[in-house]
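*Asks:* First the structure, which I've put down as structure tokens, then a few questions once you've had a look.
The values are calculated or read from the model by the stated rules, or taken from the named source; none is laboratory data. These figures come from a predicted structure and were not determined experimentally. A quick note on method: Cβ atoms are made from the backbone with ideal geometry, for glycine too, and the neighbour counts reach across all protein chains shown.
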Amino acid sequence: MLINRAFINPEPRRKINDMKYQNMDLLNKCVGNAISILRNNQGMTGKQLGLAIGLSQQQISRYENGLSGITVDICYRITLVLQVTIDVFFSLVEELYYQLSVLK
């Protein structure tokens, strides 16, 4: 089936993509905040966490500051080292996301 491009308005897609990236930035910040909170609760430095999961302190800092997206694999390794379940981790992320999205 051919689609007549005259009926496609690119503007809504652009707005949706902008919203998606804004939400991803917020989500990255929330994931980073959760890592930082849990790491500090364990009395662990960013360098110690990085060594424990095979990453540099700089990469841990990028995650914690929301500057880098994170994979599920890295999240899982972090939860193992910080001795929390993945469920607890994502519950904290969800709570932080809710708090920050309400404040916006």
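*Asks:* What are the residues in region 41-67 that are surrounded by fewer than 16 Cβ atoms within 10 Å (Cβ to Cβ) and either among the polar types (S, T, N, Q) or in contact with an Asp or Glu (Cβ under 9 Å, 6 or more places away or on another chain) (or both), if any?
*Replies:* Across region 41-67, the qualifying residues are 41, 42, 45, 48, 56, 57, 58, 65.
*Asks:* For region 81-104, how many residues are more than 16 Å from residue 28 (Cα to Cα) and in contact (Cβ under 8 Å) with a residue 24 or more places away in the chain?
*Replies:* 4
*Asks:* Considering only residues that are more than 16 Å from residue 40 (Cα to Cα) and hydroxyl-bearing (Ser, Thr, Tyr), which ones fall in region 61-99?
*Replies:* Of everything in region 61-99, those that are more than 16 Å from residue 40 (Cα to Cα) and hydroxyl-bearing (Ser, Thr, Tyr) turn out to be 68, 71, 76, 85, 91, 97, 98.
*Asks:* Before we move on, is residue 64 at pLDDT 95 or above, among the acidic types (Asp, Glu), within 22 Å of residue 26 (Cβ to Cβ) and under 15 Å from the mean Cα position of the chain (by Cα)?
*Replies:* Spelling it out, residue 64 is indeed at pLDDT 95 or above, among the acidic types (Asp, Glu), within 22 Å of residue 26 (Cβ to Cβ) and under 15 Å from the mean Cα position of the chain (by Cα).
*Asks:* With respect to the numbered conditions (1) surrounded by 13 or more Cβ atoms within 10 Å (Cβ to Cβ); (2) at pLDDT below 95, which one is the sole condition not fulfilled by residue 104?
*Replies:* Just one mismatch for residue 104, condition (1).
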